[in-house]
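Heads up, the thing below is written out as structure tokens.
A short reminder: the numbers here are calculations on the coordinates, not readings from a lab. What you are looking at is a predicted structure, and each value in this text was computed from that prediction instead of being measured. As a convention, Cβ positions derive from the backbone with ideal geometry for all residues, glycine included, and neighbour counts pool all protein chains shown.
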Amino acid sequence: MNAPHTPALHPDFSPAASSPHEASANWLPFTANRRFQTTAADRTMVSAQGNYYTNASGHRLFDCLSGMWCCPAGHGHPKLVEAFTQQAKTLDYAPAFQISNPQTLRLAQRITDMAPKGMGKVFFVNSGSEAVDTALKMALGYHRMKGEASRFRMIGRERGYHGVGLGGLAVGGIPANRKMFGPLLMPGTDHLRHPWNPEQMAYSKGQPDWGADLALDLERLVALHDASSIAAVIVEPVQGSTGVLVPPKGYLQKLREICTRHGILLIFDEVITGFGRLGTPFAAQYFDVQPDMITFAKAVSNGVVPLGGVIVRDEIQQAFMTGPEHMIEFFHGYTYSGHPMATAVANATLDLYAEEDLFARAQKLTPVLQEGLHSLKGTPGITDIRNIGLMGAIDLEPVAGKPGLRATQVFEKGLQSDLLLRFTADTLAFSPPFTATESELAQMIDSVKRLVTQ
Ligand SMILES: Cc1ncc(COP(=O)(O)O)c(C=O)c1O
């Protein structure tokens with residue numbers, strides 16, 4: 001897949017610029033910052049085009065995770081560049097409160113047209129974390145407006161990732177993200193068990209047969225806390241960040257049924273699955289389960305400009321529409337909610353998805369990715385492989401006593417070769433661009449095998 005080339009250090013990344021001092025000024029998020037400094041040129045991306053990045057040490061790298069799950073249409077698409085440039089010339093910013101702009105109004109309409117039926121309202125934010133915190137606030141506000149202010153409790157899931165806002169952290173289930181911030185976490189949250197069980201579902205292709213009854217955890221939490229105290233359940237339909245944990249067959253349906261029976265709102269966090277990752281606009285449609293709210297971000301704007309949002313059932317917004325007409329109904333929002341630069345690029349992104357039929361392309365590539373990943377079964381050092389839609393994960397055997405080191409080493413070898421990988425702990429995650437070719441996916445699998453066994 002890579003044209004032969006000789007890696008050369010990028011001119012902006014001269015030995016002076018890559019001095020430990022310069023590389024250390026930026027405190028990087030979710031990063032081993034000291035390790036970064038030792039490999040800064042490999043880890044610094046200087047350009048991206050199509051399905052490839054180039055790093056400062058001159059390697060051309062296949063984009064195994066569509067950026068960070070956010071660039072499914074590839075990089076540098078001329079139509080997105082054009083939309084961005086035109087919007088900067090036309091309307092670079094408009095206030096977000098009491099005011100809107102044509103791109104944002106149009107985008108909201110288009111997103112609701114793609115959403116499951118009855119979800120006719122969109123609230124814009126700038127990131128997945130903001131989307132989650134906004135949805136949690138909406139859930140609390142909704143119950144209060146309906147006269148059920150006792151419903152304050154939020155239920156998340158172990159190994160869930162819902163961003164880094166204080167609400168998202170509390171419902172999230174990643175211990176390392178939570179432990180330092182204990183006193184700030186929302187009181188009253190509880191968690192379902194995560195649905196991954198290697199004894200029952202190792203090397204599953206698509207949805208595992210075992211595990212639907214894990215949804216009954218919610219009944220136990222209802223029995224423990226009483227439904228009258230529970231506002232909402234939030235889950236990622238497929239848990240992405242902790243390594244593509246695929247919901248067992250029937251699990252999400254059961255969760256929906258229990259929520260409905262107890263008047264609990266069901267929020268699908270579709271920051272990763274939204275906009276085609278499973279071949280449908282939203283995972284809600286793929287699994288045929290109707291949530292009350294959907295959070296989204298990332299692929300809505302192909303990662304070019306930050307944008308996120310919450311889609312809600314009409315009735316949820318309606319509950320807030322009381323009081324004098326001139327009064328604000330929901331005291332929440334951001335300076336950059338519905339930023340016209342972001343919504344213009346998102347409108348152009350949705351055009352691209354439609355014109356190039358990219359969700360169908362994701363569907364077509366799904367079996368290619370599945371068979372490619374599973375062909376690695378039996379490779380020394382690999383302990384599980386999972387996939388659904390155009391996403392998948394490989395678990396690596398950890399180096400004894402040093403969790404995370406194995407995947408770090410594979411990631412770093414990739415940066416000196418031909419892959420930009422993504423890892424959490426000792427799991428490699430894959431969500432290639434929808435624009436990838438079958439031979440690029442085959443090459444990616446070959447390279448992974450080489451890097452893992454090297
Ligand atoms: C499911 C989910 N929710 C929320 C977030 C947070 O999004 P952001 O990093 O844009 O705040 C992520 C990020 O990966 C995510 O995967």
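A simple charge model with +1 on the Cβ of Lys and Arg, -1 on the Cβ of Asp and Glu and nothing else charged puts the dipole of the chain at about 540 debye relative to its Cα centre. The distance linking the range 40-114 with the range 288-304 is 16 Å (Cα centroid to Cα centroid, whole angstrom).
Entry note, the chain: relative contact order of 21 percent, from Cα contacts under 8 Å with a spacing of 6+ residues.
How big is D for the range 81-355, in µm² s⁻¹ as a whole number, if Stokes-Einstein is applied with the Kirkwood radius of its Cα pairs at 37 °C and 0.692 mPa s? Could the numbers behind the result be given before it?
On the way: Rh = 19.1 Å.
The calculation lands on 172 µm²/s.
Here the sum of -39500 (n - 2.57) over DSSP H runs of 4 or more residues, divided by the residues of the chain, equals -11000 deg cm²/dmol at 222 nm, to the nearest 500. Could you tell me the distance between the Cα centroids of the range 149-227 and the range 340-397, to the nearest Å? The range 149-227 and the range 340-397 have Cα centres separated by 25 Å.
If contacts are Cα pairs under 8 angstrom and at least 6 residues apart, what is the relative contact order of the range 111-232 in percent? Can you show the working numbers first?
Values: 149 pairs, mean separation 31.4, N = 122.
Computed value for the range 111-232: 26 percent relative contact order.
Between LYS89 and ARG34, what length comes free when the chain is fully extended (0.36 nm per residue of separation minus the Cα-Cα distance, one decimal in nm)?
On the way: separation 55, 0.36 × 55 = 19.80 nm, distance 4.11 nm.
Separation in residues times 0.36 nm, less the Cα-Cα distance, equals 15.7 nm.
Checking the cross-link pairs LYS249/LYS298; LYS79/LYS205; LYS89/LYS364; LYS249/LYS402 against a 31 Å limit on the alpha carbon distance flags LYS79/LYS205; LYS89/LYS364; LYS249/LYS402 as lying beyond it.
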